[in-house]
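Written out below as structure tokens is the structure these notes cover.
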Amino acid sequence: MDASLEKIADPTLAEMGRNLKEAMKMLEESQRRVEDENGKKLMSEDIPGPLQGSGQDMVSILQLVQNLMHGDEDEEPQSTRIQNIGEQGHMALLGHSLGAFISTLDKEKLRKLTTRILSDTTLWLCRIFRYENGCAYFHEEEREGLAKICRLAIHSRYEDFVVDGFNVLYNKKPVVYLSAAARPGLGQYLCNQLGLPFPCLCRVPCNTMFGSQHQMDVAFLEKMIKDDIERGRLPLLLVANAGTAAVGHTDKIGRLKELCEQYGIWLHVEGVNLATLALGYVSSSVLATTKCDSMTLTPGPWLGLPAVPAVTLYKHDDPALTLVAGLTSNKPADKLRALPLWLSLQYLGLDGIVERIKHACQLSQRLQESLKKVNHIKILVEDELSSPVVVFRFFQELPDSDSVLKAVPAPNTAPSAVNRERHSCDALNRWLGEQLKQLVPASGLTVMDLEVEGTCIRFSPLMTAAVLGTRGEDVDQLVACIESKLPVLTCTLQLREEFKQEVEGMAGLLYVDDPNWPGIGVVRYEHANDDKNSLKSDPEGENIHAALLKKLNELESDLTFKMGPEYKSMKSCIYIGMASDDTDVSELVETIAVTAREIEENSRLLENMTEVVRKGIQEAQVQLQKANEERLLEEGVLRQIPVVGSLLNWFSPVQASQKGRTFNLTAGSLESTEHTYVYKAQGTGVTPPPTPSGTRIKQRLPGQKPFKRSLRGSDAVSETSSVSHIEDLERMEHLSTGPEQNTQEMAHGPEQPPGDSVPPASHPEALQNRAQHPEDNHPQVEEPESLR
């Protein structure tokens, strides 16, 4: 282009060509810049915020992780449990980072190192937990090892499974036996992982007559196995428990092993009690697990090691089948799963491992021995000498009935009554468990629901002590908290019937039977427009109950009040919490009824106020208009003319009274203002009706909280001060009965001399004299002239 411009002889045309070239270049660059910016803008809109730009520094990323872990400052913490990560925990965490670094080595070095780590860890675990000549499979999900074992059992029993697949299973369906006390969802997980239908699972019931009710019924299991063989099915695998997930009971492993060897069934064992295999003394039932075909261990929670995999130990001679089943792998990354455990086991040593497991068992024994001395606490322990799990619950014996907390209902007891008592006591145990978890968070308690016993509290230090750092002092504190809560539980249980009778005898209140509420009861106020047959929400009743809840909380009593929907309906109710032995139930019910009635009357007054005032204004306008017409007739038409009216009023003034109307809100009526203009003062009108008060609401002593019975000789008020104060209250009530009664008593001759009479307590002079002369408790009162 420049060469062509140089050939042009006319310099003007050449200059114009160069200017045009530069202008086009500027336009193209401007357009290209706009397109680039638009492209970046569209791209930035699609990319999430943290990835935009050139990246973030390490501090910002760690700060984001911290905020995600602990939440915002405004949010309340969701849990009080904080994992205690010691140096052994740091070793486990180091294993994950070290595993990522080791994976970058060359293949030969990586193969040798991972093989050494896997073989060492397998040998150590088999020696520690007395499982000789076993192999190990490390997995993140606890149930994954059992799924691999089931796959291995299928390949072992069905030789043509590799070739024919599920067609072999169709001709002879496999059966997997699970205990009724197994972990929830375990059977469904196995079926989903193996692709088996649910009929392949067989639930074995627990003992009902003899032995623990959480142990597998061996005789019934044998009968089920024989029935399955007769129907052409293949008994494949049995999952036994060495410490059930609920109460920590151990099945009869020795008898089950004999049964499995007889019918060619694979025996797999899991449970928390397997940790005791590392101790010097092991119970015979747990020691029998060393002869099983496979077992699953969870050393992470036992030893307080975070992010450590679970281990499944098994015995099998065919490496090809274990490879097909997925229990072994040639990938170095799969072998590196054992690295965190390999480092941690070396750091702890055998003494450290045994010490942590032994400490957890000692905590269980300590709690068990302490709870034996506590009344109203039932312990569900299988073996008192070696059980590492303690399950307990609250119960109480009433004098006129059987145990309130029953494992099996009596034959002559109505099912509804038994269910009501069961739910009631379950609610109390649930409340006790939540209170203990808050007061002693290091205990690691768990509230659970058992099918037979009901709601119980579980203490399993093998799963929590190493993580939470539980000590013996925490167990002692836990026992002290249980003892401090027992009086509240027993009193609440005893006061429930009294509360029900008081509410049923009080007009306007309805007792709501809610067995799931742990307090003394639930009550609902029935207002005038309450539809008793409806189960829908009631806005008017909800407003009354909300105001009632506010009034009750303002009393600052020891009771807790909550509002919520009624059991089996949507109507609002007042839920009353736990109570002590000095709670005055009659005063409580009376206060609720009176306060709710006051709130309803006040709400009625506010609702009717607008209509009453509107009608009053209309009536006042009509009366004022009528008064103006009467004034016109009285004064005449001439006085209404401006000029003539002034002259007439000057010669002959008219003495007209000022008339008006006032509206009395209390009486809801119109009244004349003539009294106001004559006496220069506004009349009081009709006296408002007195506020209703309860007949049983008594005056409280100094320092006494609401709904408390007055106990003489208590710590808060001494006996002498209580008697003197009660006498003062009676004397003040006697003298405040009014002048007519006092005059009548004096006319008939008082029983006491004049010097012993006392002026009313509300009189200011009497209060001043008593303040200035406290020793003179009986000032003289002058006798009226009519009686002299």
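The values are calculated or read from the model by the stated rules, or taken from the named source; none is laboratory data. Nothing here was measured: the structure is a model prediction, and the numbers come from that model. Methodologically, a virtual Cβ is constructed for each residue, glycine included, from the backbone with ideal geometry; neighbour enumeration extends over all protein chains shown. Just the protein is used for accessible areas: all its heavy atoms, side chains included, with ligands, DNA and RNA removed. Shrake-Rupley method; radii C 1.70, N 1.55, O 1.52, S 1.80 Å.
Descriptive notes on the structure:
- Number of residues in segment 155-175 that are surrounded by 15 or more Cβ atoms within 10 Å (Cβ to Cβ), out of contact with any His (no Cβ under 9 Å at 6 or more places or on another chain) and either modelled with pLDDT under 90 or under 23 Å from Thr328 (Cα atoms) (or both) equals 5.
- Within segment 308-322, none of the residues are basic (Lys, Arg), touching a Pro at 6+ places or on another chain (Cβ under 8 Å) and open to solvent by 10 Å² or more (accessible area, probe 1.4 Å).
- Members of segment 544-571 that are small (Gly, Ala, Ser) and open to solvent by 20 Å² or more (accessible area, probe 1.4 Å): Ala546, Ala547, Ser557
- Residues satisfying the stated conditions in segment 95-154, i.e. surrounded by 14 or more Cβ atoms within 10 Å (Cβ to Cβ), modelled with pLDDT under 90 and more than 29 Å from Leu186 (Cβ to Cβ): Leu98, Gly99, Ile102, Leu105
- Look at segment 542-554: where a residue is closer than 17 Å to Leu509 by Cβ and a partner is open to solvent by 40 Å² or more (accessible area, probe 1.4 Å), sitting 6+ places away or on another chain with Cβ atoms under 6 Å, you get His545/Met563; Leu549/Met563.
Let's see how each residue does on (1) part of a loop (DSSP other than H, G, I, E, B); (2) out of contact with any strand residue (DSSP E or B) (no Cβ under 7 Å at 6 or more places or on another chain); (3) of a type in the set (Lys, Arg); (4) assigned by the TED database to the domain that holds Ala466:
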position: Arg255; (1), (2), (3), (4): no, yes, yes, no
position: Glu261; (1), (2), (3), (4): no, yes, no, no
position: Leu274; (1), (2), (3), (4): no, no, no, no
position: Leu277; (1), (2), (3), (4): no, yes, no, no
position: Gly280; (1), (2), (3), (4): yes, yes, no, no
position: Trp302; (1), (2), (3), (4): no, yes, no, no
position: Ala307; (1), (2), (3), (4): yes, yes, no, no
position: Lys335; (1), (2), (3), (4): no, yes, yes, no
position: Ser344; (1), (2), (3), (4): no, yes, no, no
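- Cβ pairs under 8 Å, 6+ apart, first in segment 92-118 and touching a residue at least 12 places away in the same chain (Cβ under 8 Å), second assigned to a helix (DSSP H, G or I) and surrounded by fewer than 14 Cβ atoms within 10 Å (Cβ to Cβ): Ser103/Ala333
- Consider segment 433-467 and keep the residues that are acidic (Asp, Glu) and out of contact with any strand residue (DSSP E or B) (no Cβ under 6 Å at 6 or more places or on another chain). The one that is surrounded by the fewest Cβ atoms within 10 Å (Cβ to Cβ) is Glu451.
- Pairs meeting the criteria (first residue in segment 337-366 and surrounded by 16 or more Cβ atoms within 10 Å (Cβ to Cβ), second residue part of a helix (DSSP H, G or I) and of a type in the set (Phe, Trp, Tyr), beta carbons under 8 Å, at least 6 apart or on different chains) are Leu345/Trp124; Arg356/Trp302; Ile357/Trp302; Ala360/Trp302.
- Subset of segment 306-317 (residues that are modelled with pLDDT of 90 or more and in contact with a helix residue (DSSP H, G or I) (Cβ under 9 Å, 6 or more places away or on another chain)): Val308, Pro309, Ala310, Val311, Thr312, Leu313, Tyr314, His316
- Residues being in a loop (DSSP other than H, G, I, E, B) and farther than 19 Å from Gly134 by Cα - total across segment 263-272: 1
- Residue in segment 249-269 that is surrounded by fewer than 23 Cβ atoms within 10 Å (Cβ to Cβ), under 23 Å from Ala92 (Cβ atoms) and among the small types (Gly, Ala, Ser) present: no
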